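Enquirer: Okay, here's the structure, questions in a sec.
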Amino acid sequence: MNVKFIRLIFEYLFIHIKSILFFIIFTLIFAVISYLSNLSLSNILYASILCIFIAVIFMAFDLWRFYKKHKLLIDIKNQITLSVENLPSPYGLIEKDYTALIKLIHDDKLSLLSAKDRSMSDMIEYYTLWAHQIKTPIAAMRLLIQSDSNKDNAELKDQLQKIEQYVEMVLSYLRLDSDTTDFVLKKYDIFDIVKQSVRKYAHLFIKKKINLNMEETSLTALTDEKWLSFVIDQILSNSLKYTKEGFISIYFENENTLVIKDTGIGISEEDLPRVFEKGFTGYNGRYDKKSTGIGLYLCKRILLKLGHTISINSRITEGTEVRIKLNSQNI
């Protein structure tokens, strides 16, 4: 007999303590009256034992029903999703009241969840539409900047690129948990994806006079080009943001791991375990005062969905190394 069943027996006895006490009192009254009526002690003892035996059999049967109902409720609690129809049949008026109350609360919960889902769906639809619509004026501003040779346009171009990056971040955040997440898994040349991201930030490398050391490779990986590009863009953006001088290296190791290493300000040891948490900015975020704490969080989640992994090694003032382990196959 295990500990759980023993506890169940004590719980059953505690619930029925009044009935047990009444039975003991009535048995004693019966015995006393029988004794005063000059019945033989053996007959009184026999009748009392018979009553106790019948009571024990009844309690054992009732305990078994109690145990089965308890087990069924535990199973329902562990499996319940949208229905409470499998609740055990109520026994007595009080259990019927409790069952009706549970169903009422459950229906109310489903109604609230449905309203919340509709509200969330409307909000996601609105922000997705907004993010797509804002791309039009961004594209128009980029054309205007390119057609004007004003010397201040370089700074405007940088700021416009940040706006584009934030818009892409919003879209990625909205799409990530969507049922329509547009993953297209194929084997891609990883070096081509890396080159696209590097071209996107080429003007920042030149502006900040940061050297780029990039190793060519024939590595291919089963991935999604658009989502992996987003991750690499985020990591390169962070490296450029926090590297004031020196270099950024992009190379491959162990045949399936992309490494992006910089000589930036680094990440403190106490912040490293939390850099992938949603909204966590740490010391660097307070230093930059514009960090959202969303970029690396999205990178982690995207790579997890793609079947890749990401890790970061860093030391203050010594730079940061980001490693992305891919599902890869050499050409």
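The values are calculated or read from the model by the stated rules, or taken from the named source; none is laboratory data. Since the structure is predicted, the reported quantities are computational estimates derived from the model, not experimental observations. Every residue, glycine among them, receives a Cβ derived from its backbone with ideal geometry; neighbour counts consider all protein chains shown.
Enquirer: With the checklist (1) of a type outside the set (Ser, Thr, Tyr); (2) in contact with a Leu (Cβ under 6 Å, 6 or more places away or on another chain); (3) at pLDDT 90 or above in hand, flag the one item Trp227 doesn't pass.
Expert: The one condition Trp227 does not meet is (2).
Enquirer: While we're looking at this one, here's another question. Considering (1) within 17 Å of Leu303 (Cβ to Cβ); (2) assigned by TED's automatic domain parsing to the domain that holds Ile316, say which one Tyr201 fails and leave the rest.
Expert: (1)
Enquirer: Would segment 139-150 turn up any residue that is acidic (Asp, Glu), at pLDDT below 80, in a loop (DSSP other than H, G, I, E, B) and exposed (fewer than 14 other Cβ atoms within 10 Å of the Cβ)?
Expert: Yes; the residues of segment 139-150 include at least one that is acidic (Asp, Glu), at pLDDT below 80, in a loop (DSSP other than H, G, I, E, B) and exposed (fewer than 14 other Cβ atoms within 10 Å of the Cβ).
Enquirer: Another question about this same structure. If you scan segment 2-59, which residues turn out to be at negative phi and not in a helix (DSSP H, G or I)?
Expert: Asn2, His16, Ser37, Leu39, Ser40
Enquirer: Specify the residue that is surrounded by the fewest Cβ atoms within 10 Å (Cβ to Cβ); the eligible residues are those in segment 159-211 that are of a type in the set (Asp, Glu) and modelled with pLDDT of 85 or more.
Expert: Asp192
Enquirer: Identify the single condition in (1) surrounded by fewer than 17 Cβ atoms within 10 Å (Cβ to Cβ); (2) modelled with pLDDT of 90 or more; (3) touching a helix residue (DSSP H, G or I) at 6+ places or on another chain (Cβ under 6 Å) that Arg323 does not satisfy, given that it satisfies every other one.
Expert: (3)
The rows are residues; the columns are (1) basic (Lys, Arg); (2) within 25 Å of the chain's Cα centre (by Cα); (3) modelled with pLDDT of 80 or more.
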residue: Met59; (1), (2), (3): no, no, yes
residue: Trp64; (1), (2), (3): no, no, yes
residue: Lys69; (1), (2), (3): yes, no, no
residue: Asp75; (1), (2), (3): no, yes, no
residue: Thr81; (1), (2), (3): no, yes, no
residue: Lys96; (1), (2), (3): yes, no, no
residue: His106; (1), (2), (3): no, yes, no
residue: Arg118; (1), (2), (3): yes, yes, yes
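Enquirer: Which number in (1) in a helix (DSSP H, G or I); (2) crowded, with 20+ Cβ neighbours inside 10 Å; (3) not polar (S, T, N, Q) marks the one condition that Gly266 misses?
Expert: Every listed condition holds for Gly266 apart from (1).
Enquirer: Within segment 212-226, how many residues turn out to be small (Gly, Ala, Ser) and buried (at least 18 other Cβ atoms within 10 Å of the Cβ)?
Expert: Number satisfying all stated conditions: 1.
Enquirer: From the set of residues in segment 308-320 that are at pLDDT 90 or above, surrounded by fewer than 20 Cβ atoms within 10 Å (Cβ to Cβ) and not β-branched (Val, Ile, Thr), which is farthest from Asn254 (Cα to Cα)?
Expert: Asn313
Enquirer: Mind telling me which of the residues Gln133, Gln165 ends up being over 23 Å from the mean Cα position of the chain (by Cα), of a type outside the set (Ser, Thr, Tyr) and closer than 30 Å to Asn256 by Cβ?
Expert: The match here is Gln165.
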